[in-house]
1. What residue among GLY103, LEU359, THR450 has its Cα farthest toward the positive end of the dipole of the chain, where the charges are +1 on Lys, Arg and -1 on Asp, Glu, each on the Cβ?
2. Bin width 10 Å, alpha-carbon pairs only: give the P(r) of the chain as whole percents, running from 0 to the bin holding the largest distance.
3. Helix-derived [θ] at 222 nm for the chain: sum -39500 (n - 2.57) over DSSP H runs of at least 4, divide by residue count, nearest 500?
4. Between ASP500 and ASP59, what is the FRET efficiency for a Förster distance of 51 Å, r being their Cβ-Cβ separation, to the nearest 0.05?
5. Mind putting a number on the dipole of region 223-488 about its Cα centre? Charges go on the C-beta only, +1 for Lys and Arg and -1 for Asp and Glu, and I need it in Debye to the nearest 20.
6. Angle between the Cα long axis of helix 39-48 and the longest principal axis of the chain, 0 to 90 degrees, nearest 10?
7. Sticking to Cα atoms, compute the Rg of region 115-221 to one decimal and its Dmax as the biggest Cα-Cα distance, whole number, in Å.
8. Rank the residues PHE107, PHE180 as a footprinting-exposure proxy: fewest other Cβ atoms within 10 Å of their Cβ go first.
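None of the figures in this text is laboratory data; all of them are computed from the coordinates on show. Keep in mind it's a predicted model, so treat the numbers as computed, not measured. Here Cβ is always computed from backbone atoms with ideal geometry, including for glycine, and neighbour counts include all displayed protein chains.
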Amino acid sequence: MKRKIQNIELAFLTIDDYQELKQAMNHAYPTMPNSHWEEHHIRKLLSIFPEGQISIKVDGHIAGCALSIIIDHEKFEEQHTYKEITGNYTFNTHTENGDTLYGIELFVKPEFRGLRLGRRLYEYRKEHCEKLNLKGIVFGGRIPNYHKYADELSPKEYLDKVKAMEIHDPVLNFQLSNDFYPVKVLTGYLEGDKVSKEYAVLLKWDNIYYEKPSTKAKDNKRVVRLGLVQWQMRPYKDIKDLMQQVEYFVDTLSGYKSDFALFPEFFNAPLMAEYNHLSEAEAIRKLAGYTGALVQEFSKLSISYNINIITGSMPELVDDVLYNVGYLCKRNGSVERYEKLHITPDEQKIWGMRGGNKLKTFDTDCGKIGILISYDVQFPELGRLLADEGMQILFVPFLTDTQNGFSAVRHCAQARAIENECYSAIAGSVGNLPQVHNMDIQYSQSMVFTPCDFQFPTNGIKSETTPNTEMILISDVELDALRELHNYGRVKNLKDRREDFYELKKRKI
């Protein structure tokens, strides 16, 4: 897919989507007879279970869809057909008092495959299953590559070889990778499915949070998983070589289901080695030439790996003025820019860099966040302004060459977490770059800080890496703990400010 994606969103299906849905289904199932549902089928599903019918839209157009019903699992034997489970396509098998979510349809249009959009549909089903407190999810999965092996393998043998990664089946492999496990092979499941020889695999996902209905009140905490990259400065041949290392970290963090990946300030500095024969000011401007391409690659990764990426920082030329900037690449496809406001003496003297003028919070699917680049975190006014806008997590990409510089960033970031009743996460680089002027040594330790109250670690440190070692840090933070702190904390830094005595506000520039 070559065109640029502006926005990806999950949306409840409506009857107004039908014509586009019909076309999308015909496009997704070219080998299937009667590959689309009729309008009266969709109307029925929307009337009995509207929140179970979900679409995923790319730039406002349907790219995929998931349809489901709720069944009473005990009323259906493990061996059943598609007609039976759907009540001969009437969906009268749906019951609000059921205990299992049954997936009757899930597809992604061919041109959008490879972006892991199907995973988002499955994740919605899982979250909705947990919300409804159902036992799990069940569905019959097609095996569209089976016709290639039907003369030599039974369906069970085929399934075993797919599980052993000896045979690739695009549908079954994807379902297995999304935590579904096979229960048995279904015969005569879907009439007309010639490529699967009308076989299917009954797949199941168990809701480990399922509880028998209870009248007891229950707190559902919102947990955000942070992924911090402690980046090793090393030589890279070109931008492709650099991005391979970036993707390795993004892939790893996504595999652990992190919501954010944070990279350090000037993580791309090794690319300046090619220009070491130039002056420092000329070399950094050459490095700025890579920024546009890097942002595009980061955005692709954020979509493909379903993770919000904070790109650390990179030099950028705007109207021939050099800035230190970074980008928040969201997993919905949108990209937002942030700037370093306070430039260090070296950045100004050696590179001719200028401070930016934009400070704002960013709305994400994990709450409001703020981003301050390195030196900016040493100015408490910035953190307080972001807190006034509702910031819950402060991210600080940094670059320091000595322990002295690191200690300033580290302690100020921890202070920002305490005084603003938020989490703060810092990530820096390690290693040496002897062939890059003004970037020769690095020192860092990546950390996640919390406020200091009973809900949090007594020392205010949630987690930390080994100093000066390439590694990642994965840490869960509970946003509801901040809400509890705001209202019931031992002290209330935000509420107890003497606004009758002093005030803080941004000036318009």
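1. Of the candidates, LEU359 comes out farthest on the positive side.
2. With 10 Å bins starting at 0, P(r) equals 4, 17, 24, 21, 17, 12, 5, 0, 0.
3. Computed mean residue ellipticity for the chain: -8500 deg cm²/dmol.
4. 0.55
5. With Lys and Arg at +1 and Asp and Glu at -1, about 200 debye.
6. 70
7. Expressed in Å, the Cα Rg and Dmax of region 115-221 come to 16.5, 57.
8. Details: PHE107 20, PHE180 24.
Final ranking by Cβ density, sparse to dense: PHE107, PHE180.
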